[in-house]
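Q: Pasting a structure below so you can have a look.
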Amino acid sequence: MTTARHDDVDPDRFIAATAARMHDRVTDVSAAICAYLEESIPELRGDPRTADLLAASVESNVATVLRALRYDLPAADVRAPLAAVGFARRLARQGVPANALNRAFRLGQRRMFELVFAELRTLAMPPAERISVIERITTTLFDFSDRIIEQLVAIYDDERERWLESQNSVRAVRVREVLDGRKSIDVDAVSEAIRYPLRWQHLALVLWYPEPDSDAIPRLQRFVRALGDMVAAASNPLVVVADQTSVWAWLPYRTAPGTLVADVRTFVTARRDHPNVVIGTVAAGIEGFRNSHRSAQRACSVALARGLNSSTVVAADDPGLMTAALLGGAVAETRDWVGEVLGNLAADDEHDERLRDTLRIFLGAGSSYKAAATELNLHSNSVKYRIGRAVARRGRPIGADRLDVELALLVCHWYGPAVLRPDPNQ
């Protein structure tokens, strides 16, 4: 018995014959693959236009692969067929996840393998040639499928980004109309338009990176999505681009947990290189949507006036912050007032800052040296000494103007150098 030598194997004629026979039935082959995909991937069902584009995409891809098999074409030269490009763009504009596109091609590839191998079984060929044919066909199908899907995923991503940019522009306009509050709106209609439940409870945020770059907005959007997942938002967060470097966001809840602000702070501070985050108050309904954002904006004004050299997190319900925000509406005037109330104690240096903090905590503790010492982790005699020095730096005792002193100290605590006298030694 003579065994066929590998050198004598010429699989080309069998591959070409198989591809030619299948090309004659390309419509039937494509229909079989298309039906398999629609059955396997729910996202591809229900829309007639998408179904038409899927059918055209499958047929054009099948024809491309069969032509490559028939004429031994290199995968490096293949370009995604126009019908497939149109299908990818349609999925991007419909918001169908990219993994549905990937899955369609992987399952389509699998079904194509099954149909090709079924065709091969009808051909009589020596075992050695059959192995070589299968190897060549497998390599070609994988190479062409990978090349096409790589192009289509890039096209999908580009189209998705353009579509989202357009949608976000429209969305931002509607959100600003809601925040403006000057005209009556249909709450349910706007909720559907912006894809956010305005009747629920909300926690508004303002976010930006200390050192923004061209990727700042996408990074912030990803950060908000991760935050929403971690603090168990009841629906997708709403993110609106405020400018080129910052975003406004809202987390929706049917019933907001009592620890929500603390949970947000914990998540943010645990993340390395986190953005600046300002947290509003929790509030319900469309008025709550506005009020939560308004509180975040006021708190943000304090954070920006103070000047941030590194990432920080502040919340509107931090003790005294909203009072400081209201007092600091005109920073220049507030600085003059703080100087009048605190005298030399309003100097921007570490020594006076330590004295101011001690005096603020002492007054907040009901003028109790013991309570202040506990909070400051100092001996009560040290607290008494600092209070004496603070009053001396002020230049007059604290009497009927105690409330003014407390408010001025509060403003200094939150605004820092913005409302202090410059240190003459710097």
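The values are calculated or read from the model by the stated rules, or taken from the named source; none is laboratory data. Just so you know, these numbers come straight off a predicted model, no measurement behind them. Ideal geometry is used to build each Cβ from the backbone, glycine not excepted, and the neighbour counts take in all protein chains shown. Surface accessibility is based on the protein's heavy atoms, side chains included, excluding ligands, DNA and RNA. Shrake-Rupley method; radii C 1.70, N 1.55, O 1.52, S 1.80 Å.
Q: Hey, among the residues in region 359-381 that are of a type in the set (Ser, Thr, Tyr) and farther than 18 Å from LEU345 by Cβ, which one's most open to solvent (accessible area, probe 1.4 Å)?
A: Top of the filtered list is THR374.
Q: Now, a different point. Determine whether region 174-187 contains at least one residue that is modelled with pLDDT under 90 and among the small types (Gly, Ala, Ser).
A: Within region 174-187 (the criterion being modelled with pLDDT under 90 and among the small types (Gly, Ala, Ser)), the answer is yes, since at least one residue qualifies.
Q: The conditions are (1) at pLDDT below 85; (2) farther than 26 Å from LEU44 by Cβ; (3) not in a loop (DSSP other than H, G, I, E, B), and ALA124 fails exactly one of them. Which is it?
A: (3)
Q: Of all residues in region 197-254, how many are touching a Gly at 6+ places or on another chain (Cβ under 7 Å), surrounded by 19 or more Cβ atoms within 10 Å (Cβ to Cβ) and not hydrophobic (A, V, I, L, M, F, W, C)?
A: 3
Q: For region 324-333, which residues satisfy the criterion of being open to solvent by 10 Å² or more (accessible area, probe 1.4 Å) and either on the phi > 0 side of the Ramachandran plot or touching a Leu at 6+ places or on another chain (Cβ under 9 Å) (or both)?
A: Selection gives LEU327 alone.
Q: On to the next question. Please find, among VAL85, VAL170, the residue that is modelled with pLDDT under 85 and closer than 30 Å to ASN236 by Cβ. Steps first, answer last, please.
A: Details: VAL85 fails: modelled with pLDDT under 85.
Every option except VAL170 fails the conditions.
Q: When the residues of region 44-62 are narrowed to those that are free of Cβ contacts under 8 Å to residues at least 60 places away in the same chain and open to solvent by less than 20 Å² (accessible area, probe 1.4 Å), which ends up nearest to PHE144 (Cα to Cα)? Lay out the reasoning, then the answer.
A: We begin by selecting, within region 44-62, every residue free of Cβ contacts under 8 Å to residues at least 60 places away in the same chain; these are 45-60, 62.
Of the ones still in play, those that are also open to solvent by less than 20 Å² (accessible area, probe 1.4 Å) are 50, 54, 57-58, 62.
Numbers: THR50: 23, LEU54: 18, SER57: 15, VAL58: 14, VAL62: 10 Å.
Among those that are free of Cβ contacts under 8 Å to residues at least 60 places away in the same chain and open to solvent by less than 20 Å² (accessible area, probe 1.4 Å), it is VAL62.
Q: Just one of (1) under 30 Å from VAL278 (Cβ atoms); (2) in contact with a helix residue (DSSP H, G or I) (Cβ under 9 Å, 6 or more places away or on another chain); (3) open to solvent by less than 50 Å² (accessible area, probe 1.4 Å); (4) free of Cβ contacts under 8 Å to residues at least 60 places away in the same chain trips up ALA418, so point out which.
A: ALA418 satisfies all of (1) under 30 Å from VAL278 (Cβ atoms); (2) in contact with a helix residue (DSSP H, G or I) (Cβ under 9 Å, 6 or more places away or on another chain); (3) open to solvent by less than 50 Å² (accessible area, probe 1.4 Å); (4) free of Cβ contacts under 8 Å to residues at least 60 places away in the same chain except (4).
Q: Which of the residues spanning region 132-183 are hydroxyl-bearing (Ser, Thr, Tyr), open to solvent by less than 40 Å² (accessible area, probe 1.4 Å) and either outside any helix (DSSP H, G or I) or farther than 30 Å from ARG13 by Cα (or both)?
A: Answer for region 132-183, where residues must be hydroxyl-bearing (Ser, Thr, Tyr), open to solvent by less than 40 Å² (accessible area, probe 1.4 Å) and either outside any helix (DSSP H, G or I) or farther than 30 Å from ARG13 by Cα (or both): just TYR156.
Q: Also, quick follow-up: What do you reckon, is ILE194 within 28 Å of GLY86 (Cα to Cα) and either of a type in the set (A, V, I, L, M) or touching a Cys at 6+ places or on another chain (Cβ under 7 Å) (or both)?
A: Numbers: within 28 Å of GLY86 (Cα to Cα): yes; either of a type in the set (A, V, I, L, M) or touching a Cys at 6+ places or on another chain (Cβ under 7 Å) (or both): yes.
It is true that ILE194 is within 28 Å of GLY86 (Cα to Cα) and either of a type in the set (A, V, I, L, M) or touching a Cys at 6+ places or on another chain (Cβ under 7 Å) (or both).
Q: Hey, another quick one. Please tell me if GLY388 is at pLDDT below 90 and either part of a loop (DSSP other than H, G, I, E, B) or surrounded by fewer than 18 Cβ atoms within 10 Å (Cβ to Cβ) (or both). If you could, list the steps in order and put the result at the bottom.
A: Numbers: at pLDDT below 90: no; either part of a loop (DSSP other than H, G, I, E, B) or surrounded by fewer than 18 Cβ atoms within 10 Å (Cβ to Cβ) (or both): yes.
Judged against the criteria, GLY388 is not a match.
Q: Here is a check on your reading of the model: is LEU120 in contact with a Ser or Thr (Cβ under 8 Å, 6 or more places away or on another chain) and surrounded by fewer than 15 Cβ atoms within 10 Å (Cβ to Cβ)? Even if it seems obvious, please write down each step before you answer.
A: Numbers: in contact with a Ser or Thr (Cβ under 8 Å, 6 or more places away or on another chain): yes; surrounded by fewer than 15 Cβ atoms within 10 Å (Cβ to Cβ): no.
Criteria not met by LEU120.
Q: Mind listing whichever residues of region 65-98 are more than 19 Å from ALA154 (Cα to Cα) and either assigned to a helix (DSSP H, G or I) or touching a Phe, Trp or Tyr at 6+ places or on another chain (Cβ under 8 Å) (or both)? Walk me through how you get there before you give the answer.
A: First, the residues of region 65-98 that are more than 19 Å from ALA154 (Cα to Cα): 65-74.
Across region 65-98, the qualifying residues are VAL65, LEU66, ARG67, ALA68, LEU69, ARG70, TYR71.
Q: Sort out which residues of region 209-268 are polar (S, T, N, Q) and part of a loop (DSSP other than H, G, I, E, B), and write them in order of number.
A: Of all residues in region 209-268, those polar (S, T, N, Q) come to 214, 221, 235-236, 244-246, 255, 259, 266.
Residues satisfying the conditions are SER214, SER235, ASN236, GLN244, THR245, THR255, THR259.
Q: Still on this structure: In a helix (DSSP H, G or I), free of Cβ contacts under 8 Å to residues at least 12 places away in the same chain and open to solvent by 40 Å² or more (accessible area, probe 1.4 Å): does that describe LEU403? Can you show your working first?
A: On the way: in a helix (DSSP H, G or I): yes; free of Cβ contacts under 8 Å to residues at least 12 places away in the same chain: yes; open to solvent by 40 Å² or more (accessible area, probe 1.4 Å): yes.
Yes: the conditions hold for LEU403.
Q: Let me ask something else about it. Can you name every residue in region 269-306 that is touching a Phe, Trp or Tyr at 6+ places or on another chain (Cβ under 9 Å) and part of a loop (DSSP other than H, G, I, E, B)?
A: Within region 269-306, ARG271, ASP273, HIS274, PRO275 meet the criteria.
Q: Separate question: Please determine whether any residue of region 30-40 is open to solvent by 60 Å² or more (accessible area, probe 1.4 Å), under 38 Å from the mean Cα position of the chain (by Cα) and under 19 Å from ALA98 (Cα atoms).
A: Yes: region 30-40 contains one or more residues that are open to solvent by 60 Å² or more (accessible area, probe 1.4 Å), under 38 Å from the mean Cα position of the chain (by Cα) and under 19 Å from ALA98 (Cα atoms).
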